Amino acid sequence: MSNSAIPSSTSFHSGFVALVGRPSVGKSTLVNACLNEKIAITSPVAQTTRRRLRAIVNSDDSQLVLIDTPGLHKPKDALGKELNKTALAELNDADAIAFLIDATKPVGRGDEWVAHYVDKAKAPYKILLITKADIAVAEQITAQIEAAQQLARFNDVLVLSAVEDFNVKAFIQLVSEHLPEGPQWFPNDMDVDASDEDLVAEFVREKLLCNLRQEVPHSVGVVCDKLEFLTDDHASISATILVERESQKGIVVGNKGSMIKKVGIQARKDLEKLFGCSIYLDLHVRVQPQWRRDANEIRRLGYASED
Ligand SMILES: Nc1nc2c(ncn2[C@@H]2O[C@H](COP(=O)(O)OP(=O)(O)OP(=O)(O)O)[C@@H](O)[C@H]2O)c(=O)[nH]1
Ligand SMILES: [Mg+2]
């Protein structure tokens, strides 16, 4: 009799896995690699992620709900405080915690601070992930493991590369095995808990982060004003880009509209892939002075923690 004819041992493992770490360690890139699909936005700019995002990884005997969180950092404004709050809140409810450390950046006080919260959290399973192995040398990796293990107690350690798909499946497998027995929290055909409008806003913001320099990326907020699926294969989208100063508006629009055009083309390509249809994308830019210090505006844009 083949194995496939034997009913499985009926145990199904499921749970919430919080991915935490400093900004830019590769949390969102890992989420996309686990899903094999681009859902979370990523960029070299710190504090790319501003909303908690749940991504669902299913197998026959497990369901992992990966929680992408904003990078924990020293906040400079109300927005920064909200981002930290969002990330820290996830630590308390998670069944498992993955603490990510960039293999190429020395372990510093920022990691120490995050590790303190990881260590305090009640989750029964904690895994240390050393990321970006593809661009690190062996000595760096060994040093990171040693330094990180001084900061908190971990059940497992894994070195991986999301970009080269090294040990990504091993990560899913290892965590699945340590999740409690439990129900399937989300239906099989659901891979992300964000609304289409939120994904639109984030994808547009990602392109702004990738094309803008210095302080401008941090001053940018995006809101999707309209998303209409006009036919099965065509959607019309309109989004507003918020900046804090008139000069930033000029940078976002660019010379004769060149920057906003570039951002629009790049975002449209990704959105067409995501929604599987052709898209008309209309972008507007609006100046909203100091919106990052304004709790109402932060909430309206969807960057507030859920408390
Ligand atoms: N070489 C290499 N680069 C990576 C890897 N993972 C992430 N990166 C790069 O690191 C940068 C930051 O990645 P993100 O996934 O946005 O980092 P994050 O931890 O989500 O950052 P925040 O959302 O700001 O907290 C991007 O430029 C990624 O392309 C990896 O495995 N290898
Ligand atoms: Mg991120």
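Here is a yes/no grid of residues against (1) at pLDDT 95 or above; (2) closer than 25 Å to ALA40 by Cβ; (3) out of contact with any Leu (no Cβ under 8 Å at 6 or more places or on another chain); (4) assigned to a strand (DSSP E or B):
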position: PHE229; (1), (2), (3), (4): yes, yes, yes, yes
position: ILE237; (1), (2), (3), (4): yes, yes, no, yes
position: ILE265; (1), (2), (3), (4): yes, yes, yes, no
position: ARG299; (1), (2), (3), (4): yes, yes, yes, no
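ASP156 fulfils the conditions (1) under 12 Å from ALA98 (Cβ atoms); (2) touching a residue at least 60 places away in the same chain (Cβ under 8 Å) except for a single criterion, (2). Per this entry, LEU53 is not counted among residues that are within 7 Å of ligand 1 (Cβ to nearest atom), outside the structural domain of LEU274 (by TED's automatic domain parsing) and modelled with pLDDT of 95 or more. Checked against (1) in the same structural domain as CYS224 (by TED's automatic domain parsing); (2) assigned to a helix (DSSP H, G or I); (3) among the charged types (D, E, K, R), ARG213 meets all criteria but (2). The residues listed here are LEU19, LEU30; of these, the one that is in a strand (DSSP E or B), of a type in the set (A, V, I, L, M, F, W, C) and near ligand 1 (Cβ under 10 Å from one of its atoms) is LEU19.
A quick yes/no check of all residues on (1) of a type in the set (A, V, I, L, M); (2) assigned by TED's automatic domain parsing to the domain that holds ALA115; (3) surrounded by 21 or more Cβ atoms within 10 Å (Cβ to Cβ):
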site: VAL17; (1), (2), (3): yes, yes, yes
site: VAL20; (1), (2), (3): yes, yes, yes
site: GLY26; (1), (2), (3): no, yes, yes
site: LEU30; (1), (2), (3): yes, yes, yes
site: VAL45; (1), (2), (3): yes, yes, no
site: HIS73; (1), (2), (3): no, yes, no
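In this entry, LYS273 is excluded by the filter for residues that are at pLDDT 95 or above, under 22 Å from GLN47 (Cα atoms) and among the charged types (D, E, K, R).
Only one of the numbered conditions (1) touching a helix residue (DSSP H, G or I) at 6+ places or on another chain (Cβ under 6 Å); (2) without any contact (Cβ under 8 Å) to a residue 24 or more places away in the chain is violated by VAL285, and that is (2).
Selection of the stretch 64-81 for residues being within 14 Å of ligand 2 (Cβ to nearest atom) and farther than 10 Å from ALA18 by Cα yields PRO70, GLY71, LEU72, HIS73. Consider GLU215 carefully, then state whether it is of a type in the set (Asp, Glu), crowded, with 20+ Cβ neighbours inside 10 Å and within 20 Å of LEU79 (Cα to Cα). It is false that GLU215 is of a type in the set (Asp, Glu), crowded, with 20+ Cβ neighbours inside 10 Å and within 20 Å of LEU79 (Cα to Cα). Restricting the search to the stretch 268-286, which residues are crowded, with 17+ Cβ neighbours inside 10 Å and under 16 Å from LEU242 (Cα atoms)? Within the stretch 268-286, LEU283, VAL285 qualify.
The values are calculated or read from the model by the stated rules, or taken from the named source; none is laboratory data. This one's a predicted model, so the numbers in the text were calculated from it and none came from an experiment. Glycine also receives a Cβ, built like all others from the backbone with ideal geometry; neighbour counts cover every protein chain displayed.
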